[in-house]
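**Student:** Would you mind keeping the following structure in view while I ask a few things?
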Amino acid sequence: MQPMKLNGVRIDDTFAEAFGMRAAAIVITADSLRWARQAAVTMTGYATSVIGCGCEAAIDRELRPNQTPDGRPGVRVLVFAMSATDLQNQLRNRVGQCVLTSPGSACYGDLEGEERLKLGDSLRYFGDGWQISKRLGARHYWRIPVMDGEFVCEATVALTRAAVGGGNLLILAAGSKQALAAAEAAVEAIEAVPDAIMPFPGGIARSGSKIGAKYKGMRASTNDAYCPTLRGAVKTALDPEIGSVLEIVIDGLTSEAVANAMRAGVRAIVELGAATGAARVSAGNYGGKLGPHHYHLRALSPDGGDHARPGEEET
Amino acid sequence: MKPLVLRLRAAPEQRLDMSSLTPQRLAGKSLREIDGVELQTTRRAVRVGDLFHASDGSAEHIVIAGGSERFDRVGEGMSAGSLTVDGDVGIRAGRRMAGGRLTVNGNAGHWTASGMAAGFIEIAGDVGDRLGGPLAGEVHGMSGGMVVVRGHAGVRAADRLRRGALIVEGNAGDDAGSRMLAGTLIVRGAAGARTGYLMRRGTIVLGMASGDFGPTFVDCGVHDLTAHRLMAAYIRESSAKSAELLHVPLRRLMGDMAVLGKGEIFVAA
């Protein structure tokens, strides 16, 4: 097949391989957007990868007052984990330590579904008997007295089992400056995509990993094939002109959200072009045997219409 | 969908048990069968056909054109669909309702919404005593759903309320919210004496403070709470005027300390 090149950016004929995850969406509100965002940022800190953080979490989008249950400014946060139990524990601990504690905050579920995670139902005990249950129609809240008034928290929040984690783009460029410019462009584009988050710092990971290591007990280690300083010593994936690689990892509430996010990212990278940005875009996979979700880069590229459909299940 | 219309021809000569005229109990019945439904509460039989002119339509939506304070148990136990009465109704309207929508474009008697579990009731006029309350011997009153009374309510509104929301846009009589277990009572006007008497939990919001709440309600200061916003958002569609009460900081009184004391009364500061 002819190499696919768009605006000077080579699109690899490969795919991102992603996994099924459990996810919850919550809305955090506060008296101002600043403090809603602060609670969300605190809650999603140290949540870059399930490998070491227990969950992956980030802000999905900001909400105007008319988009939140209590009519105050808010942000929507997505939390992803490998099991419902992990998700339950992470959500409870993070909301309990980071949102409950944040001035003026309140916390609500933002997904519909039968299967529920306890949130206020766990955190209410902080009220030491002074907590108040309030059912308003179909929704059940706990009001927990705190020093600045009350922390309001929905009793339970829905979880989805249709979430997908590990969608990714590898951005290969001549130098770190170009790689970062392309990655930043992609992050900005993906931020606008609903139901998808990029859990790494600022949306970007510079330490992409491979599974396993030479050391016993390590689940992941540096992706040496993409390390430019090792290109002569290992079976490298880099061309001679590549000097720096960055990765964007995407988690979505649905497979479609991940595909949309990757599509937006590739488009932004292509639009930036090779002169100041990426020379090549690739994606990480494990040969297609581990993850059920495959996202083919060429199908997601701006003129990739005649390729396989994105996000198709290949098992 | 065209509703089933029952047009009242003459005032009833006895109290009637209207509980048979709900969407689920009339579902699948022909007009002739509906005409034969008995409504009497004395030995003298009264059938629908004797009092009403029924015109064909879906029993999922029933309109009773004309009312009487002798129409007892209107919408009792209804679980779906809608029932509208263009006129007054008697006692126990919407009692034990489990879903659907009951509209009374007139006044309603005592025990309106008694023991209601779900659904929505709107009374355009006034209601009698013990709105949502239990009958003698029952453990609790209303346990879910929403009731909006555009006029005034009698004594003991929300007695033994367990869950759900009762909104009175006018005034409420004495002992509003008496013995409440939980739930929400909003009185946009004034309430009589002893509001919240022996309430254990739950929320009462009063538009106009009715003087002294007694020593067993303790002042907890003036607050602008997120919970107010949630309650306002919940009731705005049904009673925008009452929702406005919740948009200003309100004084919170906790009580009744003579019992559990975890209830609250919010009044304008």
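The values are calculated or read from the model by the stated rules, or taken from the named source; none is laboratory data. Just so we're clear, the structure is a prediction, and the values are computed from it rather than from any experiment. Because the Cβ atoms are built from the backbone with ideal geometry, glycine has one as well, and the counts that use them run over all protein chains shown. Accessible surface is based on the protein model in full, side chains and every heavy atom, while ligands, DNA and RNA are left aside. Shrake-Rupley method; radii C 1.70, N 1.55, O 1.52, S 1.80 Å.
**Student:** Being surrounded by fewer than 21 Cβ atoms within 10 Å (Cβ to Cβ) and either in contact (Cβ under 8 Å) with a residue 60 or more places away in the chain or under 11 Å from the mean Cα position of the chain (by Cα) (or both) narrows it down to one of B:His140, B:His110, so name that one.
**Tutor:** Just a single option satisfies the conditions, and that option is B:His110.
**Student:** Starting from residues that are out of contact with any Leu (no Cβ under 7 Å at 6 or more places or on another chain) and β-branched (Val, Ile, Thr), keep the ones in segment A:237-270 and report whichever is surrounded by the fewest Cβ atoms within 10 Å (Cβ to Cβ).
**Tutor:** A:Thr254
**Student:** Which one is nearest to B:Arg163 (Cα to Cα), of the residues in segment B:74-98 that are open to solvent by less than 10 Å² (accessible area, probe 1.4 Å) and within 13 Å of the chain's Cα centre (by Cα)?
**Tutor:** Ranking the qualifying residues of segment B:74-98, first place goes to B:Met97.
**Student:** Now, a different point. Show me the helices (runs of 4 or more DSSP H) entirely contained within segment A:4-99 in which 3 or more residues are in contact (Cβ under 8 Å) with a residue 40 or more places away in the chain and within 18 Å of A:Gly165 (Cα to Cα).
**Tutor:** It comes to A:84-94.
**Student:** Related question: What's the total number of residues in segment A:13-46 that are within 21 Å of A:Val75 (Cα to Cα) and touching a Phe, Trp or Tyr at 6+ places or on another chain (Cβ under 9 Å)?
**Tutor:** 7
**Student:** With segment B:155-229 as the region, which strands (runs of 3 or more DSSP E) entirely inside it contain at least 3 residues that are away from chain A (no Cβ under 14 Å), open to solvent by less than 40 Å² (accessible area, probe 1.4 Å) and without any contact (Cβ under 8 Å) to a residue 40 or more places away in the chain?
**Tutor:** Qualifying strands (runs of 3 or more DSSP E): B:184-190.
**Student:** If you don't mind, another one. Kindly evaluate B:Arg252 against the criterion of being without any contact (Cβ under 8 Å) to a residue 60 or more places away in the chain and open to solvent by 60 Å² or more (accessible area, probe 1.4 Å).
**Tutor:** no
**Student:** Another question, then. Name the residue, out of B:Ser242, B:Ser238, that is of a type in the set (Gly, Ala, Ser), open to solvent by less than 30 Å² (accessible area, probe 1.4 Å) and more than 12 Å from chain A (Cβ to nearest Cβ).
**Tutor:** So the residue among B:Ser242, B:Ser238 that is of a type in the set (Gly, Ala, Ser), open to solvent by less than 30 Å² (accessible area, probe 1.4 Å) and more than 12 Å from chain A (Cβ to nearest Cβ) is B:Ser242.
**Student:** Another one. Test B:Gly133 against the stated conditions and say whether it is within 22 Å of B:Gly75 (Cβ to Cβ), at pLDDT 95 or above and not in a strand (DSSP E or B).
**Tutor:** yes
**Student:** Can you pull out every residue in segment B:19-45 that is among the basic types (Lys, Arg) and more than 22 Å from B:Gly90 (Cβ to Cβ)?
**Tutor:** Those that are among the basic types (Lys, Arg) and more than 22 Å from B:Gly90 (Cβ to Cβ): B:Lys29, B:Arg32.
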